[in-house]
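Novice: Please read through the structure below; I'll follow up with questions.
The values are calculated or read from the model by the stated rules, or taken from the named source; none is laboratory data. Only a predicted model underlies this, so the values are computations on that prediction, with no experimental measurement involved. All Cβ positions, glycine included, derive from the backbone under ideal geometry; neighbour counts span all protein chains shown.
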Amino acid sequence: MAKKTKTTDMFDVLIAGGGYVGLSLAVALKQGDPGVKCAVVDPKPMDQLHKDPRASAIAAAASRMLTQLGIWQQIEAESQPINEMIVTDSKLRDTVRPVFLTFGGETAEGEPFAHMMPNGIMMPALYEAARSLGVSFFAPGTAETFRTLSDHVELELADSAVLKGRLLVAADGVRSKLRDLAGIRTVNWDYGQSGIVTTVKHERPHGGRAEEHFLPAGPFAILPLPDNRSSLVWTEKTLDADRLVKSDDFTFELELERRFGHHLGTLEVAGPRRAYALGLKLARDFVKPRFALIGDAAHGIHPIAGQGLNLGFKDVAALAEVLIDARRLGQDLGAFDVLERYQRWRRFDTFQMGVVTDVLNRLFSNDSDVLRAVRDFGLGLVDRMPGLKSQFIKEAAGFAGPVPKLLSGEPI
């Protein structure tokens with residue numbers, strides 16, 4: 001058996017998972033208090049940071065947080081503002097898709113409610129910010145198991161190294177091993193759907209308009225990117241999605257055109273196509289003594305509202321604020337009463353969003369004429385009520401509910 005070696009350092013916060021959420025938390029903590037000793041375990045290899053072909057919707061509140069973290073200024077030029085959003089509801093065979101709902105794109109003057117950002121731009125910027133602030137990295141060093149002691153937690157890595165910290169934060173994804181080891185149960189089910197993700201190039205400019213087409217198999221989202229490109233999140237039944245991803249280029253592009261339409265001219269698939277199983281997974285608890293969940297480890301929701309990553313950024317802003325406030329008061333960062341503040345802040349909001357996306361998906365992912373008439377009436381009603389539309393935009397922009405300081409554009 002390999003000999004286990006313990007680090008002599010005691011970290012304030014150990015973060016297991018070096019994706020967007022884990023790295024953002026590390027940067028937020030170090031900026032809030034440079035004296036915080038923070039370590040990230042299992043970040044992505046440097047040579048992989050630029051290779052993620054996907055793109056993410058970054059809500060206005062999240063872009064304010066990234067501005068405070070010094071990231072947004074570096075990556076904004078590579079982003080595409082969403083200036084407008086339209087929602088349609090139709091059958092696949094319909095030649096005309098009437099628009100039932102439109103949203104303007106600004107939450108404040110000059111501030112779009114969201115941007116589309118290539119993932120391969122955002123990850124390296126977050127990594128460099130964390131490294132420059134003195135965050136410790138352990139890679140390769142996948143987190144294997146941990147044990148909680150009275151005044152610290154010990155995290156064992158795959159290479160048998162053991163790290164010590166006052167608090168362990170699991171940011172290791174929707175299939176979080178650490179969440180399961182902590183004994184935290186989840187509410188979860190499979191939708192029987194998969195999301196096909198790819199990038200297309202089109203002949204005509206999109207004008208910064210996002211489109212959400214509700215089709216019987218699920219939503220078909222067209223999200224604008226720079227240079228006459230768009231990111232697609234195309235929901236189908238899982239068997240159909242697998243068949244489409246594995247099909248030849250001609251078949252895939254033919255099915256794509258049936259859903260995309262011809263309003264932007266000739267289409268060309270400009271990125272790899274992949275399918276991701278869709279489901280709902282919500283952790284029943286976000287914290288245990290000396291342990292906290294953030295990001296997809298705490299919640300995995302349907303992409304119908306485009307809020308997955310933004311929920312993770314809300315977790316980061318809330319947890320960072322709670323921990324920095326506790327540190328200034330001389331409190332133990334891993335104490336349950338400290339972590340409970342974070343749980344009260346985030347759990348209800350997360351469950352609420354999970355329920356909303358679940359209901360929307362069930363309401364719109366069907367071919368019932370009766371349900372279509374009901375939901376189209378509802379969409380039209382919302383479109384004619386400016387106050388209600390403003391509330392929807394506020395929610396989409398990330399400003400609903402008690403907003404952490406970072407999401408308001410304020411330092412902790």
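Novice: Check 168, 155, 163 and return the single one that is within 24 Å of the chain's Cα centre (by Cα), touching a residue at least 24 places away in the same chain (Cβ under 8 Å) and crowded, with 17+ Cβ neighbours inside 10 Å.
Specialist: Matching residue, one of 168, 155, 163: 168.
Novice: I'd like the full set of residues that are among the acidic types (Asp, Glu) and in the same structural domain as residue 52 (by TED's automatic domain parsing), limited to the stretch 265-309.
Specialist: 285, 296
Novice: Looking at the stretch 315-336, can you tell me whether even one residue there is in contact with a helix residue (DSSP H, G or I) (Cβ under 8 Å, 6 or more places away or on another chain), over 30 Å from residue 33 (Cβ atoms) and assigned by TED's automatic domain parsing to the domain that holds residue 21?
Specialist: No: the stretch 315-336 contains no residue that is in contact with a helix residue (DSSP H, G or I) (Cβ under 8 Å, 6 or more places away or on another chain), over 30 Å from residue 33 (Cβ atoms) and assigned by TED's automatic domain parsing to the domain that holds residue 21.
Novice: Would you point out the residue of the stretch 267-302, among those that are of a type in the set (Lys, Arg) and surrounded by fewer than 17 Cβ atoms within 10 Å (Cβ to Cβ), that is nearest to residue 171 (Cα to Cα)?
Specialist: 284
Novice: Filtering the stretch 394-412 down to residues that are in contact (Cβ under 8 Å) with a residue 60 or more places away in the chain and in a helix (DSSP H, G or I), which residue is surrounded by the most Cβ atoms within 10 Å (Cβ to Cβ)?
Specialist: 406
Novice: For the stretch 134-148, state whether one or more residues are assigned to a strand (DSSP E or B), out of contact with any Leu (no Cβ under 9 Å at 6 or more places or on another chain) and of a type in the set (D, E, K, R).
Specialist: Scanning the stretch 134-148 turns up no residue that is assigned to a strand (DSSP E or B), out of contact with any Leu (no Cβ under 9 Å at 6 or more places or on another chain) and of a type in the set (D, E, K, R).
Novice: A further question follows. Give me the pairs: first residue in the stretch 373-393 and in contact (Cβ under 8 Å) with a residue 40 or more places away in the chain, second residue part of a loop (DSSP other than H, G, I, E, B), beta-carbon distance under 6 Å, and six or more apart or on different chains, which are they?
Specialist: From residues that are in contact (Cβ under 8 Å) with a residue 40 or more places away in the chain, the pairs are 393/113.
Novice: Report yes if some residue within the stretch 187-200 is touching a residue at least 60 places away in the same chain (Cβ under 8 Å), assigned by TED's automatic domain parsing to the domain that holds residue 229 and in a loop (DSSP other than H, G, I, E, B); otherwise report no.
Specialist: no
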